[in-house]
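Chemist: Input: one structure, supplied below.
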Amino acid sequence: MQRDTSSSDASASHTGRVRRRRQPSEATADGNRANGQPLLVNDRNKYKSMLIRTYSTVWMIGGFALIVYMGHLYIWAMVVVIQIYMARELFNLLIKSSEEKQLPGFRLLNWHFFFTAMLYTYGRFLSRQLVNTVTSDHLLYKVVSGLIKYQMFICYFLYIAGFVWFILTLKKKTYKYQFKQYAWTHMILLTVFGQSSFTVANIFEGIFWFLLPASLIVINDIFAYLFGFFLGRTPLIKLSPKKTWEGFIGASVTTIISAFLLANVMGHYQWLTCPRKDLSTGWLYCDPGPMFKPEHYSLGEWVPHWFPWKEVAIMPVQWHALALGLFASIIAPFGGFFASGFKRAFKIKDFGDSIPGHGGITDRMDCQLRKIFCAVLLRWLWQCLRTYTTNHSLRPRISLLR
């Protein structure tokens, strides 16, 4: 009897597990979640986080505008500070307190390599500006010229000294940790200086080439957040659960339009377009290059007769700005996706907490460096095209003169 009762209970419990079809309301509820995390449009605390992010963003934009107004040298100093904070956040990712206690002073080795890379990078890019700054003082000019002449040797000597320092600090039972830190340090140096060195080159060739790409990234981030905040329904990528297609598309359209308009506004200010030949902070005056001289296009039959404007003035740099806007909209966000995957690999939410509502400096700079590198590339291609066109247009004239 007991067997029959137990078997009947088991069969009843088995038959009681009946599958039911998921209701439409449940399907949409799960569809609005990505990787188990709610989208911004369904986040209950979204207004509180938005207020914190807005407060931090206003302060960052205000400080950034002040530094841009102060000039090239201060922008370069800002880039150096950002690099130091990025390196500190990335160095801290692989620190193990148990291992560090056995290696006193080992952390200094990372910063030794960091400042050696800084000396090598900026010594190459700022040598001309540094020499032009000290030309009035004969003794200082000779000292600076000698340092620049042997800059490569000095950097090589410092790197070899760091290498020997690393070998001498190797300890038994920590070999794996130390070599991992050595490789990690070099990867950080490549990531931070490999791209940000082009940022410094852009600054001294004209603030425009730094400010426009940086502004487009900020615009793309802000409008991607706003479109995702109010309209986001469709998850974009699993690496970033709160990113949505609505935010991506809305931000792309807004960024491309902003690029075309901002290039026209910024192109009228010599403070932004003139290159800086030294490290001074005085006002700049220069003849704007051909990229910043408006070209007039007749609208002709494209507009009705009652339309007040029959032609439009467009700077050549505005067409390049469209390419920058397209890059900022489509390619640069993948820098953020890369950073998201990186953080997932280390099981952290943010690289740091130095910016309330945003995370660390690295969280904000993940796209900026790639974007400014693209600006350098476009500017270089434009110069090559200009040189090619000028040479070919002069050849018939030279042959006629002969």
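Chemist: Scan segment 199-206 and give yes if some residue there is surrounded by fewer than 21 Cβ atoms within 10 Å (Cβ to Cβ), of a type outside the set (Lys, Arg) and modelled with pLDDT of 85 or more, otherwise no.
Modeler: So far as segment 199-206 goes, yes, one or more of its residues are surrounded by fewer than 21 Cβ atoms within 10 Å (Cβ to Cβ), of a type outside the set (Lys, Arg) and modelled with pLDDT of 85 or more.
Chemist: Same structure, new question: Considering only residues of segment 270-303 that are in contact (Cβ under 8 Å) with a residue 24 or more places away in the chain and assigned to a loop (DSSP other than H, G, I, E, B), which is surrounded by the fewest Cβ atoms within 10 Å (Cβ to Cβ)?
Modeler: We begin by selecting, within segment 270-303, every residue in contact (Cβ under 8 Å) with a residue 24 or more places away in the chain; these are 271-281, 290-292.
Then drop every residue that is not assigned to a loop (DSSP other than H, G, I, E, B), which leaves 274-281.
On the way: 274: 21, 275: 16, 276: 22, 277: 13, 278: 18, 279: 17, 280: 14, 281: 11.
My answer is 281.
Chemist: Let me ask you something else. Out of the residues in segment 135-181 that are loosely packed, with under 12 Cβ neighbours inside 10 Å and of a type in the set (Lys, Arg), which is farthest from residue 111 (Cα to Cα)?
Modeler: Residue satisfying both the conditions and the ranking: 142.
Chemist: Follow-up. Any idea which of 58, 41 is part of a helix (DSSP H, G or I) and at pLDDT below 75? If you could, list the steps in order and put the result at the bottom.
Modeler: Details: 58 fails: at pLDDT below 75.
The match here is 41.
Chemist: Considering only segment 209-262, how many residues are open to solvent by less than 40 Å² (accessible area, probe 1.4 Å), over 16 Å from the mean Cα position of the chain (by Cα) and at pLDDT 90 or above?
Modeler: 7
Per-residue answers, yes or no, for (1) in contact with an Asp or Glu (Cβ under 8 Å, 6 or more places away or on another chain); (2) part of a helix (DSSP H, G or I); (3) at pLDDT 85 or above:
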{"residue": "90", "(1), (2), (3)": "no, yes, yes"}
{"residue": "104", "(1), (2), (3)": "no, no, no"}
{"residue": "111", "(1), (2), (3)": "no, yes, yes"}
{"residue": "114", "(1), (2), (3)": "no, yes, yes"}
{"residue": "119", "(1), (2), (3)": "no, yes, yes"}
{"residue": "124", "(1), (2), (3)": "no, yes, no"}
{"residue": "129", "(1), (2), (3)": "yes, yes, no"}
{"residue": "135", "(1), (2), (3)": "no, no, no"}
{"residue": "139", "(1), (2), (3)": "no, yes, no"}
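Chemist: Name the pairs whose Cβ atoms lie under 8 Å apart, with the first residue in segment 87-112 and over 26 Å from residue 339 (Cα atoms) and open to solvent by 80 Å² or more (accessible area, probe 1.4 Å), the second among the hydroxyl-bearing types (Ser, Thr, Tyr) and not in a helix (DSSP H, G or I), and 6 or more positions between them or separate chains?
Modeler: What qualifies is 102/174.
The values are calculated or read from the model by the stated rules, or taken from the named source; none is laboratory data. Please read these numbers as outputs of a predicted model, since none were measured by experiment. As a convention, Cβ positions derive from the backbone with ideal geometry for all residues, glycine included, and neighbour counts pool all protein chains shown. The accessibility values were calculated without ligands, DNA or RNA, using every heavy atom of the protein model including side chains. Shrake-Rupley method; radii C 1.70, N 1.55, O 1.52, S 1.80 Å.
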